[in-house]
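We did not get these values from a lab; they are worked out from the coordinates using the rules stated. Computed from a predicted structure; not experimentally measured. Quick reminder, even Gly has a Cβ in these numbers, built from the backbone with ideal geometry, and neighbours come from all protein chains shown.
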There are 2 protein chains.
Amino acid sequence: MSMSDTPVHDLRADQGDLSSDITKNGKRKTIVMKFGGTSVGNIERIRIVAQRVKAEHDKGRRIVVVVSAMSGVTNQMVEYCAELDKLADPKEYDAVVASGEQVTSGLVAIALQALGVPSRSFQGWQIPLKTDDAHGKASIEGVDGTLLLKCLDEGIVPVVAGFQGLGPNDRIATLGRGGSDTSAVAVAASIKADQCDIYTDVDGIYTSDPRIVKRAKRLDRITYEEMLELASVGAKVLQTRSVGLAMREKVKVRVLSSFAETDDESGSIVVDEDEIVEKELVAGIASSQDESKISVRHIPDRPGIAAAIFGPLSEANINVDMIVQSRGADQFNTMTFTVSKADEAAARDVLEKAREDIQYGELETSHDVVKISVVGIGMRSNTGLAATMFRTLAERGINVQVISTSEIKISVLIDSAYKELAMRALHTAYGLDQEEGINT
Amino acid sequence: MSMSDTPVHDLRADQGDLSSDITKNGKRKTIVMKFGGTSVGNIERIRIVAQRVKAEHDKGRRIVVVVSAMSGVTNQMVEYCAELDKLADPKEYDAVVASGEQVTSGLVAIALQALGVPSRSFQGWQIPLKTDDAHGKASIEGVDGTLLLKCLDEGIVPVVAGFQGLGPNDRIATLGRGGSDTSAVAVAASIKADQCDIYTDVDGIYTSDPRIVKRAKRLDRITYEEMLELASVGAKVLQTRSVGLAMREKVKVRVLSSFAETDDESGSIVVDEDEIVEKELVAGIASSQDESKISVRHIPDRPGIAAAIFGPLSEANINVDMIVQSRGADQFNTMTFTVSKADEAAARDVLEKAREDIQYGELETSHDVVKISVVGIGMRSNTGLAATMFRTLAERGINVQVISTSEIKISVLIDSAYKELAMRALHTAYGLDQEEGINT
């Protein structure tokens, strides 16, 4: 199965009600269960994971498990590499850090066998789960589901080492931070699983960060598009790439807690829009503080200025997010935009080299900004939703510095001091507050 | 290359003086450098290993590195498995414990690159180093040297994860404790290396255990046969299997310290007998306390008694080492023999079940015994060497309980209280004491 090249095909065709164990066409449900680093953080936790898997297995379901490394292990490995060489060869870095998932895959298989559940571990190269050559942050090119399906047919629970795959020339490749979510979705697609359950340390996807917005509520369902926008602006529950892959491959993803009792109704499900009956206009409010605001001031007003600024940045592989151009009373322009904090130094460097070409006056950088985003499929049709945002912020005296929009998202850049105030006000304004403050 | 099936062929044919970098036929020397767990025990030690490898590489030699796991890591992995299931599936156990060598292979490659030495890691499955299906203590079936030789031709130093290989059905297999020595020898054979250097925490092979016999001296050279006998009776410097493989494949093995300055003359070399010009009659005195003595007493004197005792033990896969039969004044026999301590309980069990068949009186077990062995190729021709042993022990009032011999070894079982006395006396009697007590 190729992840990148095949057209989207409907894997859900034969899928029935989630709460039933048998699909419409009489097949047993196939479910991928993915457990993150804290869920397998020690031997006792691994035993609990095995019990969870056994419970699903005992229902007659066909289960594939995907695991991360025990929490802390990957960081230790990264540290070892960095101690030897800050710019360690990504191929060797991958061989070192992929060991963490190798260990947990074997341990979970042992724990399952100890409970009487037939099981075996799979490393990325054994499946194989093939990747491109971008070692350290590789993309999945294809997963061969043959061996996994063979195990399922034989009643064996495969335990897949997440985060890792087989790159070109038979080298071990890792998918980058959060890559185990992507492994799980890719494995689910390869075996046409009915669902991909991501067990994590939160119990679902919320309308906003519950640590900031006490009245945030858990969403039962959210669309891939909304989840993608939320993930990309700071909701760290699911890795953005895994959501994109799930959307392309139409894998139903569920996020639920591995630290609480759960059943088939627990957590939040990420699905196609047409599977959601009662659509909310707004799904959630997210924030991101990974932005640096750069202002290029006192630029003479002449054509081609935007190209003179953004061309060199693009050539240097610097991603520009929000952009606003303004003209002062002096007839000179100011171009303000954001880049990720990691790119700030490189962006300054590029712009200083292009100073003569652009003929600007000053270059200003600010970190004291936060991007607040309202995400929801209702944005497509309901223009009043944007107005609600600006009015709400204006009423609190919050100045909007830059605006950007996508089809289902409006983002504003504001002074970071107003972050919590803005999020809570917007959460209330869009009617997202739950009635009882369960999270307080 | 098949380890088990091919006839022994002479890999040394094109080999010149060890102290020269160019072999007789003008080729650059190829050397395998193996580093044990304490030698790669932390990042600082890994840096020192890389410096050692670089020094050899800079001489123009073609180097392949083989590494163990960082000391302590394998034990941690074994413990994890045992915590989940004392009888963990050996295939999963292997996936878990093999991760330790994976980590060090990558880290050593990174450390070499940081010193400007082109390098890459190899896992067992990447080479491949193929094993049988005896997971947890697998035997090497063959090593494909193609990729390693390709690296050497390109000036790249391969760093091989020791201890692990690829078993049947693409599963990870480990070779059992000390298996990295065997990996190193097998890799050396596959690429027809001129020498296999085993860097460890001692500086060579001694005539006896220097902790017991202060005047023990380091041997410059020792034959495979002698090393095999010494390794099998408790000299823990080299794993027995690795010595056997080196002998069959005629791989020249050198043991030297990774904690001291070394040069081409350092350490001890294990070679074919005909490469040793001045042959010592006795190579060393070793001891083993892994013996349990079992005495089956009061057996009626009739034919077939030995078969009645040793047949059932053999069927139960219990290896019997030393045997002596004696007859008392009462015309009844006593059969005394040794088994390894691990097999003692099973041996008692077998014998108690066979009590009616053998018709013996009592069954006695003793742990207070030690096996002392004198090893040397001189044993073959010089019968006086055995007499020296018995006279020496008799003079100290040490009672010999059981005797066994091989072509180049005499072993005696004595009361363990006399262990140190016997070893020191024999060391002196065979003229092995070094003149100055360097080790005191």
Mean per-residue count of partner chain Cβ within 10 Å for B:113-126 equals 4
If R0 = 22 Å, then A:Gln331 and A:Arg297, at their Cβ-Cβ distance, give a FRET efficiency to the nearest 0.05 of 0.95
Calculated from DSSP helices alone, with each H run of at least 4 adding -39500 (n - 2.57) and the total divided by the residues of chain B, [θ]222 nm to the nearest 500 comes to -9500 deg cm²/dmol
If every Lys and Arg gets +1 and every Asp and Glu gets -1 at its Cβ, then about the Cα centre chain A yields a dipole, in debye to the nearest 20, of 640 debye
Measuring from its Cα centre, segment B:37-185 shows a charge dipole (+1 at each Lys and Arg Cβ, -1 at each Asp and Glu Cβ) which, in debye to the nearest 20, is 620 debye
FRET efficiency for A:Asn75 and B:Asn169 from the Cβ-Cβ distance with R0 = 35 Å, rounded to 0.05, comes out at 0.60
Helix B:384-395: inclination vs chain B longest Cα principal axis, degrees, rounded to 10, gives 60 degrees
Summing +1 per Lys or Arg and -1 per Asp or Glu among the other residues with Cβ less than 15 Å from B:Asp415's Cβ gives 0
Percent relative contact order for chain A, counting Cα pairs under 8 Å at least six residues apart, stands at 14 percent
Partner lysines whose C-alpha sits under 18 Å from that of B:Lys419, ignoring same-chain residues fewer than 8 away, are B:Lys214, B:Lys236, B:Lys293, B:Lys341, B:Lys371, B:Lys409
Projected onto the charge dipole of segment B:255-373 (unit charges on the beta-carbon of Lys, Arg, Asp and Glu, signs +1, +1, -1, -1), the Cα from B:Ser288, B:Gly267, B:Ile323 with the largest positive-side position is that of B:Ile323
Here the residues of segment A:214-248 lying in the modelled label zone of A:Lys59, meaning backbone nitrogen under 20 Å from a point 7 Å along Cα-to-Cβ, are A:219-222
With the dipole of the protein assembly as shown defined by +1 on each Lys or Arg Cβ and -1 on each Asp or Glu Cβ, the option from B:Leu313, A:Ser105, B:Gly397 whose Cα lies farthest towards the positive pole is B:Gly397
The extension gain from A:Val400 to A:Arg28, computed as 0.36 nm times the residue separation minus the Cα-Cα distance, is 128.6 nm
Per the rule of 0.36 nm per residue minus the C-alpha distance, extending B:Ser340 to B:Lys150 adds in nm 63.9 nm
Low-density loop GluC sites (Glu not before Pro), segment A:349-434, at most 16 other Cβ within 10 Å, DSSP non-H/G/I/E/B, are A:Glu362, A:Glu407
Percent relative contact order for segment A:67-157, counting Cα pairs under 8 Å at least six residues apart, stands at 24 percent
Charge dipole of segment A:3-278 built from unit charges on the beta carbon (Lys, Arg +1; Asp, Glu -1), centred at mean Cα; most positive-end Cα among A:Ile222, A:Val187, A:Gln51 is A:Gln51
Per the rule of 0.36 nm per residue minus the C-alpha distance, extending B:Gln289 to B:Ile323 adds in nm 10.6 nm
Rounded to two decimals, the Rg over Rh value of segment B:3-278 from Cα coordinates and the Kirkwood Rh reads 0.95
For B:Lys279, counting only aspartates and glutamates whose alpha-carbon sits under 12 Å away and dropping same-chain residues fewer than eight positions off, the answer is B:Asp220, B:Glu226
Rounded to whole angstrom, the alpha-carbon centroid of segment A:199-225 lies from that of segment A:284-348 at a distance of 32 Å
Inter-part gap, Cα centre of segment B:37-83 to Cα centre of segment A:231-268, in whole angstrom, is 40 Å
Percent antiparallel among DSSP beta bridges confined to segment A:190-331, nearest 5, equals 40 percent
Restricted to chain A, the DSSP antiparallel beta bridge percent, nearest 5, is 65 percent
In the A-onto-B rotation, chain A's nearest residue to the axis by C-beta, with distance in whole Å, turns out to be A:Ser99, 2
Place a point 7 Å from the Cα of B:Glu420 in the direction of its beta carbon; the residues of segment B:271-289 whose amide N falls under 18 Å from it are B:285-289
Percent relative contact order for segment A:279-440, counting Cα pairs under 8 Å at least six residues apart, stands at 30 percent
For chain A, longest principal axis from Cα atoms; helix A:305-315 axis from its Cα atoms; angle between them, nearest 10 degrees, is 30 degrees
Counting Lys and Arg as +1 and Asp and Glu as -1 over every other residue whose Cβ sits under 14 Å from the Cβ of B:Asp290, the net charge comes to +1
Distances in nm between the label point of B:Gly176 (7 Å along Cα→Cβ) and its equivalents in the other copies, shortest first, are 4.6
Cα convex hull volume per residue for segment B:185-266, in Å³, equals 94 Å³
One finds the C-alpha centres of segment A:98-114 and segment B:372-440 to be spaced, in Å, by 49 Å
FRET efficiency for A:Glu275 and A:Asp133 from the Cβ-Cβ distance with R0 = 30 Å, rounded to 0.05, comes out at 0.25
